[in-house]
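This report refers to the structure that appears directly beneath it.
The values are calculated or read from the model by the stated rules, or taken from the named source; none is laboratory data. These numbers come from a predicted model, not from an experiment. Please note: Cβ atoms are built from the backbone with ideal geometry, for glycine as well, and neighbour counts cover all protein chains shown. Keep in mind that these areas ignore ligands, DNA and RNA; they rest on the heavy atoms of the full protein, side chains included. Shrake-Rupley method; radii C 1.70, N 1.55, O 1.52, S 1.80 Å.
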Amino acid sequence: PWTMRIRISWPAGALDATLNDSSTSRKLAAALPVTSSAHTWGEEVYFSVPIESVLEEHPRQVVAPGTVCFWVQGASVAIPFGPTPISVGNECRLVTAVNVLGTLDGDPNALATVHDGDPIALEAAEPS
């Protein structure tokens, strides 16, 4: 099956992620490289990307920490690493249902070093 590794980097760090095979993941891969401005919402980082999509099969609102998601309404990649302002307990609850694009390969808590307004870059990762 199709998969792709991407690198997400910001001034204080970087993480690789593996994208799953979905139409939204393929759109994101085709748009790389992308540079955006980071926003934080509780323990979630999100940033706009130049693609549009619709909700695919099996959208989720609650995901595991480090899940790479596409927020359709905001045309943004969203990656929670802990609770958001609407979470119940310690869950990672996004503002709406999202398409799941893949998962971070490293420790999602590294995203705690992303600050609102930081430049954030997405590019194809070097093969391991």
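Here are a few things to note about the model shown:
- Selection of chymotrypsin sites (Phe, Trp or Tyr not before Pro), the stretch 24-128, meeting DSSP coil and at most 16 other Cβ within 10 Å: Trp41
- Local net charge near Ala124, Cβ-Cβ under 15 Å (Lys/Arg +1, Asp/Glu -1): 0
- Placed amide H near Val98: partners under 5 Å, 5+ positions off or other chain: Arg60, Gln61
- Using Cβ point charges alone (K and R +1, D and E -1), the dipole size of the stretch 15-127 about the Cα centre works out to roughly 280 debye.
- Å² of accessible area per residue within the chain, as computed with a 1.4 Å probe and no ligands counted: 49 Å²
- Cβ-based net charge around Asp16, under 15 Å, with every Lys or Arg adding one and every Asp or Glu removing one: -2
- Using a probe radius of 1.4 angstrom, the carbon and sulfur fraction of the accessible surface of the chain is 54%.
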